[in-house]
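Nothing in this text is a laboratory measurement; each read-out follows from the coordinates by a stated rule. This one's a predicted model, so the numbers in the text were calculated from it and none came from an experiment. Backbone-built Cβ (ideal geometry, glycine too); neighbour counts: all protein chains shown.
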Amino acid sequence: MTHALVVDDSRAMRSLLRQVLERLGLEVSEAGDGRAAIAAISAGPLPDVTLVDWHMPVMDGLELVTEIRRHKEWRRMAIMMVTTEAEHESMVRALLAGANEYLIKPFTPDAVIEKLCILGLEPGARQTTANGGSAA
Amino acid sequence: MIATTDADFRFLQQFLYERSAIVLGEDKHYLLDSRLPPVLRRVGSESVSDLVRALRRGDPSLETAVVDALTTNETSWFRDGAPFEALRRHVLPELVAENSLRRCLSIWSAAASTGQELYSIAMLLDAEFPEVASWRLDLHGTDLSTEVIERARTGRFSALEINRGLPAPFLVRYFRREGAHYVIADSLRSRVRFEQLNLVKPWPPRQDYDLILLRNVLIYFDEPARRRVLAAVRDHLRPNGYLVLGTAETPRGLVGGLVAVSAAGATFFRLEQAGDAASGRPAFAQAGAERAMPAGSGAGEASGKEEG
């Protein structure tokens, strides 16, 4: 089963992401800041993907991504930023630090699914909706 | 809930069918509730009967507004993954190789909605096939809805739209932020053109295409309309061109002259050629310049041809 670690200081956001990910059949664990995330990853097992908020106490998202990418043994874990930081400069910084994908808050559940697909983590319960053009 | 008499619903069914061949099923009453209020406000009423009366009197702009309101424009970037993976790895390398002397490439997104499909193709070409930058490229998008075509032309997308399947490196590379929106690079926008087109009405003269994308549209038409549209689309496919339909759509049993080929988990249709049945035109025979898979796409290998 695909394992996702959700790192966000907002309990509501963690709960929302947990709902979306569990509905897709993922196993979900949570951390409230970067340092707690590092502890969880170190304790294992290694998540397949970590979803990272930017603004958090103790250790923020960008520091967390940088720290994760220092560990070669964690290299196969994908990182997706999930943040209100919508400026290009922020995206570039996150990608250069080692994030693989970037999701801007607010988002729809479909957007989470599509980002997981980009990361090669095709959710088993994926449902595509409607059509590509105009139709009733 | 908007009160609608059976007679008014039947009128709207017939009205939509005559203008778009889209079948508004009996189970689609909810569409009236969710989509007609803005149009009702325009006629200054909360009554569908008033709207129907206004339509009966004949008002082209109101007719357009109702068709726009009752049609769906769900879309995303690089939608469904597999077709775009197959385009990247097999179809586009083959078309680019075949057209290298002509230095032309024509691609038609026939149900373009707000443009994500065609802009995805434009980004893919720019990122992976730099050799076509100096070619005569015709990247053409059409849609029934004038409203979505206008939006497609602007190349402006909300954050919610940008989130839908656009890989972050493409967002950084091909978009700039303007307030709450993201705008596609002028260098890409200048390569695409959009126009309104009703697929079920007679088309103005148009060229043939190397690649036609007609995804998830036929499912909304009845069978006669599917036959007409598929035959017309087939007749605008270049001899070595490719047609992409939605995953639930097939020309089988509707029109002849098309054969299916599959690759990377996606199915494409090509014109049947003399000798196909005997010797078999190898699927993606010229895909020697196969592109590298993006990390973890999970797509399969080319798997040959079947009857369409």
Practice task
State, as an integer percentage, the relative contact order of chain B based on alpha-carbon contacts under 8 Å between residues 6 or more apart.
Solution key: 18
Exercise for the section: May I ask for the distance between the Cα centers of region B:205-261 and region B:11-42, given as a whole number of Å? Expected result: 26
Fill in the blank from the handout: Rounded to the nearest whole number, the Stokes-Einstein translational diffusion coefficient of region B:41-171 at 10 °C and 1.306 mPa s (Kirkwood radius, C-alpha pairs) in µm²/s is 93
Handout entry: Centroid-to-centroid separation of region A:33-98 and region B:113-140 [C-alpha atoms, Å]
Key = 33
Completion exercise
Taking Cα atoms, the helix A:34-43 axis meets the longest principal axis of chain A at an angle in degrees (rounded to 10) of 90
Exercise for the section: Apply the Kirkwood formula to the protein assembly as shown: the hydrodynamic radius equals the inverse of the mean of 1/r over all pairs of different alpha-carbon atoms; give it in Å with one decimal. Expected result: 23.7
Problem - Angle in degrees between helix A:61-70 and the longest Cα principal axis of chain A, rounded to the nearest 10 - result: 70
Completion exercise
Highest GNM mean-square fluctuation among A:G32, A:G44, A:G61, for chain A with Cα springs under 10 Å, belongs to A:G44
Practice task
Could you work out which residue, out of A:E27, A:E87, A:E63, moves most in a Gaussian network model of chain A, that is, has the largest mean-square fluctuation with Cα springs under 10 Å?
Solution key: A:E87
Exercise for the section: Round to the nearest 10 and give me the degree value, 0 to 90, for the angle of helix B:6-20's Cα axis relative to the longest principal axis of chain B. Expected result: 30
Exercise for the section: Could you list the trypsin sites (Lys or Arg not before Pro) in region B:1-52 that lie in coil according to DSSP, counting only those with at most 14 other Cβ atoms within 10 Å of their Cβ? Expected result: none
Problem - Average beta-carbon neighbours from other chains, 10 Å sphere, peptide A:106-119 - result: 5
Exercise for the section: Taking amide H positions as placed in the peptide plane 1.01 Å from N, state which residues far from B:S113 in sequence (5 or more) or on other chains have amide H under 5 Å from it. Expected result: A:S134
Handout entry: Within chain B, percent of DSSP bridges classed antiparallel, to nearest 5
Key = 50
Handout entry: Furthest towards positive pole of dipole, A:P57, A:A111, A:G98, structure part region A:3-118, Cβ charges
Key = A:G98
Exercise for the section: From other protein chains only, count the Cβ atoms within 10 Å of every residue's Cβ in B:62-69, then give the mean. Expected result: 0
Exercise for the section: Quick one: dipole size for region B:82-307, taken about the Cα centre, charges +1 on Lys/Arg Cβ and -1 on Asp/Glu Cβ, in debye to the nearest 20. Expected result: 420
Problem - Pair-distance profile P(r), taking every C-alpha pair of chain B, with 10 angstrom steps and integer % - result: 6, 25, 32, 23, 11, 4, 0
